[in-house]
Amino acid sequence: MSDDCLFCKIVNREIPSEFLYEDEDYVVFRDINPAAPVHLLLVPKRHIRSINDLESGHESLVGGLFPLAADMAKKEGVNESGYKLLFNVEKGGGQEIFHLHLHLIGGWRKK
Ligand code: AMP
Ligand code: ZN
């Protein structure tokens with residue numbers, strides 16, 4: 001838990017948010033400013049600032065985001081149409097919330 005971290009506050013339910021999924025390690029909720037019809041944030045509960053801050057011992061926590069993403073894509077109905085998975089890393093990489101999270105973005109209309 002980091003005191004000034006928005007996502008820690010969401011994880012700890014100090015700021016209300018509707019979780020699409022929760023277990024002991026992760027929460028998933030919709031991005032407040034979606035970049036596509038489906039835009040989820042997959043967030044480890046543990047406060048890790050960014051991909052740059054991974055340490056040995058974090059592998060399974062970060063690795064677990066990928067099967068969770070596949071499950072959430074299926075629940076949202078975008079597994080077959082396709083989606084993007086994105087980590088923004090630090091300010092130059094577009095990161096605004098410095099609590100590690102994976103964006104799942106999809107649901108564009110098929111052309
Ligand atoms: P990033 O730029 O990778 O740090 O992504 C942070 C994301 O969090 C942005 O896409 C924001 O729209 C989103 N966001 C900020 N505040 C909230 C919130 N209270 N609930 C849901 N998503 C949020
Ligand atoms: Zn945090």
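The values are calculated or read from the model by the stated rules, or taken from the named source; none is laboratory data. Everything quoted here is computed from the prediction, not taken from an experiment. Cβ: placed from backbone, ideal geometry, glycine included. Neighbour counts: every protein chain shown. Protein only, heavy atoms only, side chains kept; ligands, DNA and RNA dropped before computing areas. Shrake-Rupley method; radii C 1.70, N 1.55, O 1.52, S 1.80 Å.
Starting from the exponent 0.38 and prefactor 2.2 Å, build the expected Rg for the range 1-60 from its residue count and divide its actual Cα Rg by it.
In units of the globular-protein estimate, the range 1-60 measures up at 1.17.
Per residue, how much accessible area does the chain have with a 1.4 Å probe, in Å²?
Result: 61 Å² of accessible area for each residue.
For the range 21-92, just the Cα atoms, rotate onto the principal axes and tell me the three extents in Å, largest first.
Reported extents, whole Å, longest axis first: 35, 29, 19.
Please give the helix 65-76 orientation as an angle from the longest Cα principal axis of the chain, in degrees from 0 to 90, rounded to the nearest 10.
Tilt of helix 65-76: around 40 degrees.
Given charges of +1 on the Cβ of Lys and Arg and -1 on the Cβ of Asp and Glu, with all other atoms neutral, how large is the dipole of the chain about its Cα centre, in debye to the nearest 20?
620
When we measure straight from the Cα of residue 45, which aspartates and glutamates land under 17 angstrom away, once same-chain ones fewer than 8 places off are left out?
List returned: 3, 4, 14, 18, 22, 23, 24, 25, 31, 53, 55, 59.
Counting other C-beta atoms within 10 Å, and keeping those with at most 11, which DSSP coil GluC sites (Glu not before Pro) do you find in the range 1-106?
Qualifying residues, ordered by number: 14, 18, 24, 55, 80, 96.
Would you work out the relative contact order for the chain, in percent, from Cα pairs under 8 angstrom that are 6 or more residues apart?
Computed value for the chain: 31 percent relative contact order.
Could you check how much of the accessible area of the range 6-106 is carbon and sulfur, as a whole percent, using a 1.4 Å probe?
Whole-percent figure for carbon plus sulfur exposure: 48.
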